[in-house]
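The values are calculated or read from the model by the stated rules, or taken from the named source; none is laboratory data. Keep in mind that this is a model prediction, so the values were computed, not measured. Cβ placement follows ideal geometry from the backbone for every residue including glycine, while neighbour counts extend to all protein chains displayed. Calculation scope for accessible area: heavy atoms of the full protein, side chains included, ligands and nucleic acids excluded. Shrake-Rupley method; radii C 1.70, N 1.55, O 1.52, S 1.80 Å.
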Amino acid sequence: MAYLVPSEFVTKMVDAGESKIFMSTKDTLIRAYMAGAILALAAWFAVTINVQTGQPLLGAVLFPVGFCMLYLLGFDLLTGVFVLAPLALLDKRPGVTVAGVLRNWGLVFTGNFAGAFTVAVMMAIYVTFGFTTEPNAVGKAIGHIGEGRTLGYQAHGAAGMLTLFIRGMLCNWMVATGVVGAMISTHVSGKVIAMWMPIMLFFYMVFEHSIVNMFLFPSGLLLGANFTFIDYLLWNEIPTVLGNLVGGLAFTGLTLYATHVKTSPRRVAA
């Protein structure tokens, strides 16, 4: 289980950010689409475990399987490129611009949403026998999640919005740590262990992840849950995206870069 020291894997983070900015539109969209779809399947899997066992911890323990799969396959989540792409700009890599970073984020958002929505449609068909019956217990649980995490925040007004933003920050602090985890080992076993722990934490603590929510909330709408598409955007997706951006970049990307790439000179002893 080969381990890379921080100065090595943080440099890999900057290299990865540069690579993603210059990736072709086709490859960026395909990799983002597959990442969104696989993470959505993992979320569906975890909710199913929770419903069938009544034990949320078991779902959280097993949810990271989707995250590990998509990163081992080289696919990209918006929450990951939120952290990696700006590092290439900060490191002044040739040709890297703000427009290039925003282009990458826009394409990955589009691909993630398309992949997650595809699984949402499949799930809605699955749990309703093609919309001919009421949703099964898993479908109803997903609908309730959508209601509680849109109208539930709205009921608290500004305090609810602040809570939602903070949950988004905490989420991508952990998810970005999982992205880094994929780079700290050159062995599959080491990568999986390093990715698994922070992802399990974020799922069990019910933090807000913009890509998982691209599956949960459209699913709830397809299954007739009691909230609107505007509720989803205003009282979940948009604040969650902003919280994910700030949390992942501030607590993971910038801190690692500032101390392991731009390391200050050693202090002279008095």
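Annotations for the structure displayed:
- For the stretch 54-102 versus the stretch 114-167, the gap between their alpha-carbon centres in whole angstrom: 23 Å
- Rounded, prolate or oblate (a/c below 1.5 giving rounded, otherwise prolate when a/b exceeds b/c) for the stretch 1-130 by Cα gyration tensor: oblate
- Placed amide H near SER185: partners under 5 Å, 5+ positions off or other chain: LEU4
- Virtual spin-label span in nm between THR97 and MET205, 7 Å along Cα→Cβ: 3.8 nm
- With the highest mean first, a sort of the peptides 185-197, 138-150 on other beta-carbon atoms found within 10 angstrom per residue produces 138-150, 185-197.
- Value of [θ]222 nm, deg cm²/dmol, for the chain, DSSP H segments ≥ 4, -39500 (n - 2.57) each, nearest 500: -23500 deg cm²/dmol
- Solvent exposure of the stretch 65-112 amounts to 38 Å² per residue of accessible area, where only protein heavy atoms count and the probe is 1.4 Å.
- Which labelled figure in [x] 1.00; [y] 1.05; [z] 1.08 is Rg/Rh (Cα atoms, Kirkwood Rh), once derived from the coordinates: [x]
- With a Cα cut-off of under 17 Å and a minimum spacing of 8 residues unless on different chains, the lysine pairs in the chain number 6.
- Student exercise, the chain dipole from Lys, Arg, Asp, Glu Cβ charges, in Debye to nearest 20: 660 debye
- Three-way shape label, the stretch 1-48, alpha-carbon gyration tensor, a/c 1.5: oblate
- The stretch 161-270: relative contact order in percent, alpha carbon pairs under 8 Å with at least 6 residues between: 43 percent
- Pairs of Cα atoms nearer than 8 Å and 6+ residues apart set the relative contact order; for the chain it is 29 percent.
- In degrees, nearest ten, helix 238-248 long axis to first principal axis of the chain (Cα): 30 degrees
- Net lengthening on full extension, LEU4/ALA269 (0.36 nm per residue, minus Cα-Cα): 92.5 nm
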